[in-house]
Amino acid sequence: MTSAPGPAGGRRPTTTGIRRTGARVSEQSVPATTEWIVVVPVKGTAQAKSRFGSGDHSALALAMAADTVAAAMAAESVAGVLVVTTAEASAIFDDLGAFVIVQETAGLASAIDLGVATATELGEPWRGIAVLLGDLPALTPAELEAALAAARSYPLAMVSDAAGDGTVLITASSGSVHSPRFGVGSSSAHRTEGYMPLEVSALSGLRNDVDSASGLLRLDGRLGERTTRLAAEQA
């Protein structure tokens, strides 16, 4: 992965990891996808992970998101990771070397739309755009790389969560346009929009998003270092 320091103060990335381009090439001349820009929306507020129970779980949510982003950045074909989050949460992703866009308005859909629009502006014709949810603390670079390699064969592709109802990853190969449908029943909604389901083991860290304490416990021993450390401190 090409790396460069993340922008301070929420400025849009303009450095070498995600470069600006001129006019889009025509559909007939779009080259094969060889690299990806990965967009990760992160809530970054005290209301994050409310299903863990009462209290402020933002630190745990950020630890999981940081482990997710770190895994994505280490995947071989990922040219840059673009995180859309709040100003308060931005520092941890700046420190990781991700590209950060600060968005204060709430909402997963608006964060994804902003991230995809920015990735499109800053991309290259041979780069596809992926949207990855930020609550995958057991994700490994190899698991993401395998999914992205499979996704190259389709204009649009997706990976469902372990339950099969939600979606953890959507991809648009170079020359294709996203139509995100995250939310309740998103797996079915994405299929309707033309996303091809990829075959990924239900045991993969890519499919195991965490929304509850029981989900975190189920992944004990497989969690990323930041999530493991924080979970131990809170035990």
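The values are calculated or read from the model by the stated rules, or taken from the named source; none is laboratory data. Just so you know, these numbers come straight off a predicted model, no measurement behind them. In this analysis, Cβ positions are derived from the backbone assuming ideal geometry, glycine residues included, and neighbour counts consider all displayed protein chains. Accessible surface areas use protein heavy atoms only, side chains included; no ligands, DNA or RNA. Shrake-Rupley method; radii C 1.70, N 1.55, O 1.52, S 1.80 Å.
Which ones in region 104-116 are more than 18 Å from residue 184 (Cβ to Cβ) and free of Cβ contacts under 8 Å to residues at least 60 places away in the same chain? Once the filter is applied, which keeps residues that are more than 18 Å from residue 184 (Cβ to Cβ) and free of Cβ contacts under 8 Å to residues at least 60 places away in the same chain, region 104-116 yields 104, 105, 114.
Looking across region 97-106 at every residue that is assigned to a loop (DSSP other than H, G, I, E, B) and open to solvent by less than 40 Å² (accessible area, probe 1.4 Å), the one that is farthest from residue 204 (Cα to Cα) is identified as 103.
Residues in region 178-224 that are free of Cβ contacts under 8 Å to residues at least 40 places away in the same chain, under 17 Å from the mean Cα position of the chain (by Cα) and surrounded by fewer than 14 Cβ atoms within 10 Å (Cβ to Cβ): there are none.
Could you list all residues from region 87-96 that are open to solvent by less than 10 Å² (accessible area, probe 1.4 Å) and part of a loop (DSSP other than H, G, I, E, B)? Lay out the reasoning, then the answer.
Step one: filter region 87-96 for residues open to solvent by less than 10 Å² (accessible area, probe 1.4 Å), giving 89, 93.
Across region 87-96, the qualifying residue is only 89.
Yes/no matrix, rows are residues, columns are (1) assigned to a strand (DSSP E or B); (2) at pLDDT below 95; (3) open to solvent by less than 30 Å² (accessible area, probe 1.4 Å); (4) out of contact with any Leu (no Cβ under 7 Å at 6 or more places or on another chain):
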position: 54; (1), (2), (3), (4): no, yes, no, yes
position: 59; (1), (2), (3), (4): no, yes, no, no
position: 124; (1), (2), (3), (4): no, yes, yes, yes
position: 130; (1), (2), (3), (4): yes, no, yes, no
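For region 161-168, the criterion of being in contact with a strand residue (DSSP E or B) (Cβ under 9 Å, 6 or more places away or on another chain), over 18 Å from residue 69 (Cα atoms), at pLDDT 95 or above and buried (at least 17 other Cβ atoms within 10 Å of the Cβ) is met by at least one residue.
Given the criterion open to solvent by less than 30 Å² (accessible area, probe 1.4 Å), modelled with pLDDT of 95 or more and not in a helix (DSSP H, G or I), identify the matching residue among 39, 116. Steps first, answer last, please.
Numbers: 116 fails: not in a helix (DSSP H, G or I).
Exactly one of 39, 116 is open to solvent by less than 30 Å² (accessible area, probe 1.4 Å), modelled with pLDDT of 95 or more and not in a helix (DSSP H, G or I), namely 39.
Against the conditions (1) under 29 Å from residue 212 (Cα atoms); (2) not in a helix (DSSP H, G or I), residue 143 satisfies every one except (2). Annotation: of all residues in region 157-177 being outside any strand (DSSP E or B) and in contact (Cβ under 8 Å) with a residue 60 or more places away in the chain, the one that is nearest to the chain's Cα centre (by Cα) is 173.
Residue 149 meets the conditions (1) open to solvent by 10 Å² or more (accessible area, probe 1.4 Å); (2) closer than 24 Å to residue 62 by Cβ in every case but one. The failed one is (2).
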